[in-house]
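Enquirer: One structure follows; several queries about it will come next.
The values are calculated or read from the model by the stated rules, or taken from the named source; none is laboratory data. These figures come from a predicted structure and were not determined experimentally. Heads up, the Cβs are rebuilt from the backbone with ideal geometry, glycines too, and the neighbour counts pull from every protein chain shown. Remember, those area values only see protein heavy atoms, side chains included, never the ligands or the DNA or RNA. Shrake-Rupley method; radii C 1.70, N 1.55, O 1.52, S 1.80 Å.
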Amino acid sequence: MTDDGPDTLADLADRRGAERAVYQPAEDSRLLAEAAVEHARGRTLEVGTGSGWVAERIATETTATVIASDPNPAACREVRDRGVPAVRADLVAPFRTDSLDTVAFNPPYLPTDPDNEWDDWMERALSGGESGRAVIDPFLDTVGRVLRPDGIVLLLVSSLTGFEAVVDRAERNGFATTTVRQESYPFETLSILRLDFE
């Protein structure tokens, strides 16, 4: 944090690459945090929390009750150090049916050639497999189970993963999709989709 409030883009960029065990916040994190601060309510889960920066923003800037999850034990420790409860988990697997009002997720989305992958936590935080949707698709197939009837999902989607393919998968799982944030960068466009059950 700076004296002026939440980290600036420059602050986030300076930290990128400084940490090799836990995903640190960057432009995608800021975009998700802004959308979550506006839309999150009730019992809120941030899936794949990484450093916990987004979860902390939701917890401090809204009235939501926040919990975070990540498969990386170092990430869980880091988010707990920020004062947010964390569970080591794969996506939404350990959470009860109909238990959450909001789920926020900045998934691993970079398309990655399997021959060029490496086996560490940062790879798992970044790689979306060949399509960029290796984690997004199973998330969309399972997240509906944990949502309360009026629950919502806030999902970061990169143009690198095929925006329309993500929207199609969400709609096939019963969600109406609305783009609530969008920013373009030289090599991609980042969007936050709000998903509501139809």
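Enquirer: Carbon-plus-sulfur fraction of the accessible area of region 21-105, 1.4 Å probe, in percent?
Expert: Roughly 47 percent, rounded to a whole number.
Enquirer: With a 1.4 Å probe and all protein chains left in place, how much accessible area per residue does region 24-97 have, in Å²?
Expert: 39
Enquirer: Give the long-range amide H neighbours of ALA104: residues separated by 5 or more places, or on another chain, with amide H under 5 Å away, using H modelled in the peptide plane at 1.01 Å from N.
Expert: Here LEU45, GLU46, VAL47, LEU154 satisfy the definition.
Enquirer: HN-Hα J couplings of region 153-164 from phi, Karplus 6.51/-1.76/1.60, θ = phi - 60°, integer Hz, Gly and Pro as x?
Expert: Going residue by residue, I get 10, 10, 10, 7, 10, 9, 4, 5, 9, x, 3, 5 Hz, with x marking Gly and Pro.
Enquirer: Return the sequence-ordered ³J(HN,Hα) values of region 172-189 in whole Hz as given by the Karplus equation 6.51 cos²θ - 1.76 cosθ + 1.60 applied to θ = phi - 60°, using x for Gly and Pro.
Expert: Working through the residues one at a time gives 5, 9, x, 9, 8, 10, 9, 7, 9, 8, 7, 9, 9, 10, x, 10, 6, 10 Hz.
Enquirer: Additional query: What spacing in nm lies between the two simple spin-label points modelled at THR60 and ASP196, each 7 Å away from Cα in the Cβ direction?
Expert: Placing both labels 7 Å along Cα→Cβ, they lie 3.0 nm apart.
Enquirer: On the accessible surface of region 147-198, probed at 1.4 Å, how many percent belong to carbon and sulfur atoms?
Expert: Taking all protein chains in place, region 147-198 shows 49 percent carbon and sulfur surface.
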